[in-house]
Amino acid sequence: MKVKVIPVLEDNYMYLVIEEHTREAVAVDVAVPKRLLEIVGREGVSLTTVLTTHHHWDHARGNAELARLRPGLAVLGADERICALTRRLVHGEELRFGAIHVRCLLTPGHTSGHMSYFLWEEDCPDPPAVFSGDALSVGGCGLRLESTAQQMYQSLVETLGTLPPETVFCGHEHTLGNLEFAQKVEPGNDHVRAKLSWAKKRDEDDMPTVPSTLGEELLYNPFLRVAEEPVCKFTGKVAPAEVLEALCRERASFERAAEPLQPQARALLALQWGP
């Protein structure tokens, strides 16, 4: 399984997942279809399917044009609001693309119909990967817009937080702001300090901070650490869903107070994860 990491728009990521034996390819969150098709052509693969995490324009706006350019393309997701959707997925459904297995995980919070995708290959040395869209990002998560705090807690901690501790591909480059907030929540957390220092260096070099790993996120992402004493103390809450709700409020205030971030420069060529 090879993953092409494709920076688009101001701070979005879309992805092209390639099954290396069949040369079948699956795209995740198509925002700029012509950019995607350039890479499909360069790789010499057959694009058959689009997996969309949620209906927001910066994750789904390219579906209609891509479907027009590639008749018969399957556009899959969990929300009827997704542009050009051909089939609605349900939680726990499993798909197969050659040797690649996909488990569909409903992760409401940012939107009520947000779906994350867990991909793996059997008998393969490559680690599994989860494409988390705006449900989980490096050091943070997407703003809670449509779901309850309890639903978001279940999505982050009980669904995503229990996956194997390997690779996380998220939908945005929001790492610096996320980790600066994480440092405010846990100023004594050495893992936050080290990851923030690393992310600043990546930003200086115009390099992305994806992918991450779930194992690392559990060490510094406050939205996955709602049962930890310093995080509870910061929020003044004890119940995990209440801690999460307070974190979401504080994160929104922190973002409004922060100076506008300069858009990160984007490499002209897609980066690659995998062999």
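If you fit an axis through the alpha-carbon atoms of helix 175-185 and take the longest principal axis of the Cα set of the chain, what angle between them do you get, 0 to 90°, nearest 10?
Its long axis makes an angle of about 20 degrees.
How far is helix 190-204 tilted off the main Cα axis of the chain, in degrees rounded to 10, range 0 to 90?
50
Quote the relative contact order of the chain in percent (integer), defining contacts as alpha-carbon pairs under 8 Å separated by 6+ residues.
The normalised contact order for the chain reaches 17 percent.
How are the Cα pair distances of the stretch 81-181 distributed, in percent, across 5 Å bins from 0?
For the stretch 81-181, the binned pair fractions read 3, 12, 21, 24, 20, 12, 6, 2, 0 percent.
Considering only DSSP states other than H, G, I, E and B, which GluC sites (Glu not before Pro) in the stretch 1-73 qualify as loop sites with at most 15 other Cβ atoms within 10 Å?
GLU10
Once amide H atoms are built 1.01 Å from N in the peptide plane, which residues 5 or more positions from VAL168, or in another chain, come under 5 Å H to H?
When sequence neighbours closer than 5 places are left aside, the close amide H contacts are VAL130, SER212, THR213, LEU214.
For the stretch 1-131, I need the span (max minus min coordinate) of the C-alpha atoms along each principal axis, in Å, sorted largest to smallest.
Over the stretch 1-131, Cα extents along the principal axes are 35, 31, 29 Å.
In square angstrom, what is the accessible area per residue of the chain with a 1.4 angstrom probe?
In whole numbers, the chain has 43 Å² accessible per residue.
Between rounded, prolate and oblate, where does the stretch 137-178 land on the alpha carbon gyration tensor, with a ≥ b ≥ c its root eigenvalues, rounded for a/c under 1.5, else prolate if a/b exceeds b/c?
Note, shape of the stretch 137-178 comes out oblate.
In degrees between 0 and 90, to the nearest 10, how far off the longest principal axis of the chain does helix 240-257 point, with axes built from Cα atoms?
It is inclined by approximately 90 degrees.
What does the convex hull of the Cα atoms come to per residue for the chain, in Å³?
Cα convex hull per residue, to the nearest whole number: 120 Å³.
The values are calculated or read from the model by the stated rules, or taken from the named source; none is laboratory data. These figures come from a predicted structure and were not determined experimentally. Note that each Cβ is placed from the backbone with ideal geometry, even for glycine, and that neighbours are counted across all protein chains shown. Surface areas here come from the heavy atoms of the whole protein model, side chains and all, with no ligands, DNA or RNA. Shrake-Rupley method; radii C 1.70, N 1.55, O 1.52, S 1.80 Å.
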